Amino acid sequence: MDAKCYVCKGPAKRYSSKTSKRGVRCGTCSYKARRQKVIDGAARWRRANPEKAKAGESARYLARKKETIRRYGGKCGRCPESNHIFLTVDHINDDGGQDRKERKGKVSDIHTWLKRNGYPDDLQILCGNCNLKKEISRRRKACSSSWERSQRAKLEVIDKYGGKC
């Protein structure tokens, strides 16, 4: 015999054993109730065990980061650095700001996002030094005329003082 779900009023099957005293729920509402119980239980455990929770999350983050590095070649794209501590994800086309705006609120961890999106080809792995060099070079190109003027002024001041500090 078919019945109505007491939560959403949609069709639900009444099972002969262990039905709720309040009535029956459809599969969707039953899933949502079970899911919320699991989420609440996990939150209680994290509050009761903050050190274990933090250690577990750190280990999972490190595993995601190492997988990202492995997928993009295992080392810096410009030098031989391969220590995961120094490696970062870099946008090849220098569109990281735009990318972060589009992802805002969807996922907080770049490595999770990369896995969900199949490790896109417009990213690479760089060490901190190479990433900084690339950013300095990009900024110089963006304002090359003002940078060149400041360098000329700097050289004039150095010449004025006889090439000495």
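Exposure check, 1.4 Å probe, all protein chains in place: Lys9 carries approximately 130 Å² of accessible surface. Close amide H contacts of Ala12 (hydrogens built in the peptide plane, cut-off under 5 Å, sequence separation of 5 or more or a different chain): Ala3, Lys4, Cys5.
Just how large is the dipole of the range 21-65 about the Cα centre, in debye to the nearest 20, putting +1 at every Lys and Arg Cβ and -1 at every Asp and Glu Cβ?
Details: 15 positive and 3 negative charges, 43 e Å.
With Lys and Arg at +1 and Asp and Glu at -1, about 200 debye.
I'd like to check one number: the per residue accessible area of the range 25-151, probe 1.4 Å, reported in Å² as a whole number. Each step should come with its number before you reach the end.
On the way: 9180 Å² over 127 residues.
For the range 25-151, the solvent-accessible area averages 72 Å² per residue.
In whole percent, and with a 1.4 Å probe on the protein chains, what portion of the accessible area of the chain is carbon and sulfur? It would help to have the intermediate numbers written out before the result.
On the way: 6830 of 13020 Å².
Answer for the chain is 52 percent, counting heavy atoms of protein chains only.
Suppose R0 equals 30 Å. What FRET efficiency, 1/(1 + (r/R0)^6) with r the Cβ-Cβ distance, do Leu155 and Cys79 give to the nearest 0.05? Spell out each step's value before the answer.
Details: r = 30 Å, r/R0 = 1.02.
Once rounded, the FRET efficiency stands at 0.50.
Which value in deg cm²/dmol, rounded to the nearest 500, describes the helix-derived mean residue ellipticity at 222 nm for the chain, given -39,500 (n - 2.57) per DSSP H run of n ≥ 4 and division by the residue count?
Values: 6 runs with 91 residues, N = 165.
Roughly -18000 deg cm²/dmol at 222 nm, from the helical runs in the chain.
About its Cα centre, the dipole of the range 68-115 is roughly 220 debye, where the only charges are +1 on Lys and Arg Cβ and -1 on Asp and Glu Cβ.
In terms of solvent-accessible area of protein heavy atoms at a 1.4 angstrom probe, what is the ranking of Arg138, Arg149, highest value first? Show your work: numbers first, answer last.
On the way: Arg138 90, Arg149 130 Å².
Per-residue accessible area, sorted high to low, gives Arg149, Arg138.
Subtract the Cα-Cα distance of Lys9 and Trp45 from 0.36 nm times their separation in residues, and report this length gain in nm to one decimal.
On the way: separation 36, 0.36 × 36 = 12.96 nm, distance 3.38 nm.
Computed gain between Lys9 and Trp45 is 9.6 nm.
Here the chain carries DSSP beta bridges of which approximately 90% are antiparallel, counting only pairs with both residues inside.
With charges set only on the Cβ (+1 for Lys and Arg, -1 for Asp and Glu), what does the dipole of the chain come to about its Cα centre, in debye to the nearest 20? Could you put the intermediate results ahead of the total?
Details: 43 positive and 18 negative charges, 268 e Å.
Dipole about the Cα centre, nearest 20: 1280 debye.
Considering only chymotrypsin sites (Phe, Trp or Tyr not before Pro) in DSSP loops that have at most 12 other Cβ atoms within 10 Å, the longest stretch of the chain without any of them is 16-160. The lysine pair count for the range 113-165, using Cα distances under 22 Å and pairs eight or more places apart or on different chains, is 4.
The values are calculated or read from the model by the stated rules, or taken from the named source; none is laboratory data. Being a predicted model, the structure only gives us computed values, none of them experimental. Cβ: placed from backbone, ideal geometry, glycine included. Neighbour counts: every protein chain shown. Just so you know, the surface numbers come from the protein's heavy atoms only, side chains and all, with ligands and any DNA or RNA stripped out. Shrake-Rupley method; radii C 1.70, N 1.55, O 1.52, S 1.80 Å.
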